[in-house]
Amino acid sequence: MTLIDHYAVFGHPIKHSKSPRIHRLFAEQTGQALEYTAQDVPAEQFQRAVTTFFAEGGKGLNCTVPLKELAWSYADHKTERAQQSKAVNTLALQADGSLLGDNTDGIGLVTDLIANHGLDLSEIRILILGAGGASRGIILPLLKQAPQTLVIANRTVDKAVNLAAEFHNKGSITGCGFDDLNNRQFDLILNATSASLSGQLPPLPAGLLATGGHCYDLAYGNEPTAFVRWGLENHAAKSLDGLGMLVEQAAEAFFIWRGIRPQTQPVIELLDAERKP
Ligand code: ATR
């Protein structure tokens, strides 16, 4: 048994995870005594690692790539947003010994957009590029903001159409291919493809971003991603990467575990300053 409450992030690879740093900063800032570690856990070891972690007194876990779907299956019960996203990034030990699964990625994105960057998502036209796990996790929190339209565009068109269909009763949402984006305009374009990490971009027509519109890449890095650069070239009012989302999803997990909301702005500023040359 550990003396202070133990939390961890599991993933593979995990070496470059910023989560331990973020949660230690939150703990320091809020005066919470806790330990937060990172553990390299390949998918085939997930079951054993998570069982051991909680058997040894662990209080909560973050799960990242490639474990979010496995964590979803493992959780005893789930929040609505986790249920819909079919992925869990936060496991929290409950008083009765059961494990609650939540997904704080989508709310992390929405908080970053609204609270940190002053966007109003109601009545705007939103485009999500990509129809994989990252897209699925952000759809419901975005629809809750009542945008005018939410369009999902994907290389494999069927995946976009099917994903949109799953949420049809939650708001105005459709799926399409990149070819269908010609002559359309959006106020907010979110990149949720995994292409950005390898410096690639989906084919995007000129004029896709409305005047005064915003771009947001769910990925982040020390250098601006290919999509952040596309946003700048296309005169986005702001072209952002996912650093703010990362810190906000962590803050939401911290709140679930500790019942206290840390201030995110100083942590975002610190991490942002550290990546500047
Ligand atoms: P994640 O969990 O990060 O979303 P994923 O479920 O494997 O990962 O989904 C990756 C997404 O990026 C998919 O939408 C994928 O498009 P396909 O469904 O057509 O495969 C998209 N993607 C990956 N590389 C891409 C590229 N070079 N151009 C466009 N889309 C790409």
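Quick note: the coordinates plus some simple rules give every number you see, no bench work behind them. Keep in mind that this is a model prediction, so the values were computed, not measured. Neighbour counts run over all protein chains shown; Cβ positions are idealised from the backbone, glycine included.
Here are the numbers:
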item	result
Segment 205-277, Rg to Rh (Cα coordinates; Rh as Kirkwood inverse mean 1/r)	1.08
Tail beyond 17 Å, pair distance distribution of segment 106-241 (Cα, percent)	54
Largest to smallest principal axis extent of the C-alpha atoms in segment 38-164, angstrom	48, 33, 24
Ranked Thr51, Thr264, Thr104, criterion: other C-beta atoms within 10 Å, fewest first	Thr51, Thr264, Thr104
Prolate/oblate/rounded call for segment 137-188, Cα gyration tensor, a/c under 1.5 rounded	oblate
Exposure proxy order (Cβ contacts within 10 Å, fewest to most) of Lys15, Lys238, Lys68	Lys15, Lys238, Lys68
Segment 42-98, relative contact order [Cα under 8 Å, separation at least 6], %	39
The chain: DSSP helices with Cα axial extent of at least 20 Å and average Kyte-Doolittle hydropathy no lower than -1.0	243-258
Percent antiparallel among DSSP beta bridges (both partners in the chain, rounded to 5)	15
Order of Ile173, Ile22 under a 10 Å beta carbon neighbour criterion, fewest first	Ile173, Ile22
Computed lengthening from Ser172 to His77, 0.36 nm per intervening residue step minus Cα-Cα distance	31.4 nm
Euclidean distance between Cα centres, segment 166-196 to segment 24-52, Å	34
Rounded Å value of the spacing that divides the Cα centres of segment 232-277 and segment 85-141	14
Under 26 Å from Lys68, Cα to Cα: lysines that are on another chain or at least 8 residues apart	Lys15, Lys18, Lys59, Lys78, Lys86, Lys144, Lys159, Lys170
Kirkwood Rh and Cα Rg combined as Rg over Rh, evaluated for the chain	0.97
GNM top mover of Ala27, Ala115, Ala153 - the chain, alpha-carbon springs below 10 Å	Ala115
Rel. contact order, % - alpha carbon contacts under 8 angstrom, at least six apart, segment 225-267	25
The chain: most fluctuating residue of Glu35, Glu166, Glu252 per GNM, C-alpha cutoff 10 Å	Glu166
